[in-house]
């Protein structure tokens, strides 16, 4: 299974920062053991599956150029692997947005990834 995320560099940096903080136990005190394990497992699979290449991601095709701010092009990050799903990533982002202080913007990113141009699953 694979999916593609279409996002600008600054927003991908926010996602990566939260993935890193989660994997480094930075949010453990806000999550139950079950939530912590699920989110870490999801982020680890996504990170290894391609999300770690966000800094060098290529520019997305023109039909996916819907970047805000307009000064930043939309990039494409393809995530693939066993048990890697966009739904799991979105669920993890929503969980962080709901439970971790100052991470409410992760809810908006989760919404964006469910929109018509934020992500595509399956990806060819």
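Looking at this structure, is residue 5 outside any helix (DSSP H, G or I), within 10 Å of the chain's Cα centre (by Cα) and within 13 Å of residue 109 (Cβ to Cβ)?
For residue 5, the condition - outside any helix (DSSP H, G or I), within 10 Å of the chain's Cα centre (by Cα) and within 13 Å of residue 109 (Cβ to Cβ) - is met.
Taking the criterion of being in contact with a strand residue (DSSP E or B) (Cβ under 8 Å, 6 or more places away or on another chain) and in a helix (DSSP H, G or I), the residues of the stretch 78-108 that qualify are 86, 89. One residue stands out in the stretch 48-77 among those that are closer than 14 Å to residue 13 by Cβ and part of a strand (DSSP E or B): the one that is modelled with the highest pLDDT, namely 77.
Would a scan of the stretch 78-97 turn up a residue that is more than 25 Å from residue 33 (Cβ to Cβ), surrounded by 12 or more Cβ atoms within 10 Å (Cβ to Cβ) and at pLDDT below 95? So far as the stretch 78-97 goes, no, none of its residues is more than 25 Å from residue 33 (Cβ to Cβ), surrounded by 12 or more Cβ atoms within 10 Å (Cβ to Cβ) and at pLDDT below 95.
May I ask you to verify whether residue 104 is at positive phi and surrounded by fewer than 14 Cβ atoms within 10 Å (Cβ to Cβ)? Considered against the rule, which asks whether it is at positive phi and surrounded by fewer than 14 Cβ atoms within 10 Å (Cβ to Cβ), residue 104 comes out as no. If the condition is being crowded, with 16+ Cβ neighbours inside 10 Å and in contact with a strand residue (DSSP E or B) (Cβ under 9 Å, 6 or more places away or on another chain), then the stretch 15-53 contributes 15, 45, 46, 47, 49, 50, 51.
The values are calculated or read from the model by the stated rules, or taken from the named source; none is laboratory data. As the structure is a prediction and not an experimental result, all values here were calculated from the model. Note that we place each Cβ from the backbone using ideal geometry, even for glycine, and neighbour counts take in every protein chain shown.
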